[in-house]
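Let me begin by presenting the structure, written as structure tokens, before commenting on it.
The values are calculated or read from the model by the stated rules, or taken from the named source; none is laboratory data. Just so it is clear, the model here is predicted, and its values are computed rather than measured. Because the Cβ atoms are built from the backbone with ideal geometry, glycine has one as well, and the counts that use them run over all protein chains shown.
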Amino acid sequence: MVKLTTILCFVVFSYCVNAQQKQDINTRINKVDSSTQPFKSKSNSGHVSKSELNQPVTISKKAGEAQVVHDNTYYQNEIAKIDNHINAINTKIAYVNNDPVEKSNAIASGWFDEMELYKTKLNTQKQLLQGKLTK
């Protein structure tokens, strides 16, 4: 009987602690929601002016991480990372092509096709970033 009472007390206590934690989280979320205002244009028409579009955008990543400002420098850095990634893929392809055993394994597994697909995706991302850079 004592064991059953102890277990019951533990279950009730755990339930109460979990309920309190959920309430605390909901309270924090509501405070954040009420303190942040959605972006509104200065004009009453509801349209965003061209000058407002060219302003850098600040984006929060995760809790504890610094905010990232998406300006021309950010886009240039992202393009440089993509270029480095493409160069690394090209270097690996050249290395695999120079080793007959590795080359035959890569052809059999479809590795070359996979790398071309990665390069295509990276080039698409690069073009999108370059489009944002020129705005």
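Values computed for the structure shown
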quantity: All positions within the range 67-101 that are loosely packed, with under 14 Cβ neighbours inside 10 Å, part of a helix (DSSP H, G or I) and of a type in the set (Asp, Glu); calculated: 83
quantity: Residue identified as exposed (fewer than 13 other Cβ atoms within 10 Å of the Cβ) and at pLDDT 85 or above among 64, 131, 46; calculated: 131
